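Note sheet for the following structure.
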Amino acid sequence: EAYFLSIRALRTLPEDGGESDLKFAYTSMHGVGYPYAKRSFDEFGIPGPLLAVPSQRDADPAFPTVPFPNPEERGALNRAMEFAAENGCRVVLANDPDADRLGVAELADDGGWTAFTGDEIGALLGMWLLESFGRASSRPVAMIASTVSSNVLAAMADAEGFRFEETLTGFKWIGSRALSLREEGYDVLL
């Protein structure tokens with residue numbers, strides 16, 4: 001419950017969610033992510049439905065419909081993009097089976113799909129955090145990324161004037177450094 005309350009606290013949309021005809025397709029790639037993605041979507045107040053790819057929604061350790069269940073692997077989003085096109089969805093969201101990786105694809109005006117890399121998703125989320133929360137912060141702002149991430153957040157930090165830290169890969173390293181920075185007085189945007 002605490003996790004979903006923290007998501008609700010990040011809500012930047014009006015309580016009624018506003019109006020939108022944007023629809024999202026979601027795949028958990030035969031993993032555990034769907035109930036958490038659905039509830040997160042609802043708590044955050046994103047207008048427009050989150051439609052799960054039926055053949056990939058439920059957990060199945062054989063991963064029968066994906067060659068390799070990583071949303072960044074070539075071909076892994078094909079079924080979700082087909083489902084999205086059939087159901088009028090312009091955005092595909094995907095998690096790997098244990099829901100610790102995110103994939104995103106967007107339908108272009110020419111009918112083709114653009115699948116974003118993890119680094120591109122991180123940059124977009126970083127800019128959203130800065131615009132939504134960082135600029136209004138009364139404290140200095142910091143962001144953290146692991147050593148396997150791109151240097152885009154570091155370049156953003158240089159250009160925008162916030163602190164950037166790089167850690168070893170893993171939540172424990174990022175979380176530990178975030179706590180230290182908060183103790184130093186930073187508003188850490190994660």
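The values are calculated or read from the model by the stated rules, or taken from the named source; none is laboratory data. These numbers were taken from a predicted model, which means no experiment stands behind them. Quick reminder, even Gly has a Cβ in these numbers, built from the backbone with ideal geometry, and neighbours come from all protein chains shown. Note: accessible area is taken over every heavy atom of the protein model, side chains too, but ligands, DNA and RNA are not part of it. Shrake-Rupley method; radii C 1.70, N 1.55, O 1.52, S 1.80 Å.
A few comments on the model shown:
- Of the residues making up segment 76-104, those that are open to solvent by less than 30 Å² (accessible area, probe 1.4 Å) and not hydrophobic (A, V, I, L, M, F, W, C) are 95, 96, 97, 103.
- For segment 94-109, a residue qualifies if it is within 9 Å of residue 71 (Cα to Cα) and either in contact with a Lys or Arg (Cβ under 7 Å, 6 or more places away or on another chain) or in a strand (DSSP E or B) (or both), and the qualifying residues are 94, 95, 102, 103, 104.
- Flag for residue 180 being out of contact with any helix residue (DSSP H, G or I) (no Cβ under 6 Å at 6 or more places or on another chain), at pLDDT 95 or above, farther than 17 Å from residue 122 by Cα and open to solvent by 80 Å² or more (accessible area, probe 1.4 Å): no
- Taking the conditions (1) assigned to a strand (DSSP E or B); (2) among the hydrophobic types (A, V, I, L, M, F, W, C); (3) within 26 Å of residue 94 (Cβ to Cβ) in turn, residue 142 satisfies each one other than (3).
- Residue list for segment 73-83, filter: within 18 Å of the chain's Cα centre (by Cα) and under 13 Å from residue 26 (Cβ atoms): 77, 80, 81
- Any chance residue 149 is among the small types (Gly, Ala, Ser), under 30 Å from residue 76 (Cβ atoms) and touching a residue at least 60 places away in the same chain (Cβ under 8 Å): no
- As for segment 132-146, it holds at least one residue that is surrounded by fewer than 19 Cβ atoms within 10 Å (Cβ to Cβ), touching an Asp or Glu at 6+ places or on another chain (Cβ under 6 Å) and under 30 Å from residue 183 (Cβ atoms).
- Evaluated against (1) in a helix (DSSP H, G or I); (2) of a type in the set (Asp, Glu); (3) closer than 30 Å to residue 186 by Cβ, residue 165 falls short on exactly one condition, (1).
- Residue ID - farthest from residue 19 (Cα to Cα), chosen from residues in segment 29-55 that are assigned to a helix (DSSP H, G or I) and hydrophobic (A, V, I, L, M, F, W, C): 37
- Hits in segment 110-131 (condition: in a helix (DSSP H, G or I) and open to solvent by 40 Å² or more (accessible area, probe 1.4 Å)): 119, 120, 124, 125, 127, 128, 131
- Across segment 39-54, the qualifying residues are those that are surrounded by 15 or more Cβ atoms within 10 Å (Cβ to Cβ) and modelled with pLDDT of 95 or more, and the one among them that is farthest from residue 6 (Cα to Cα) is 53.
- Selection status of residue 71, of a type outside the set (Phe, Trp, Tyr) and loosely packed, with under 13 Cβ neighbours inside 10 Å: no
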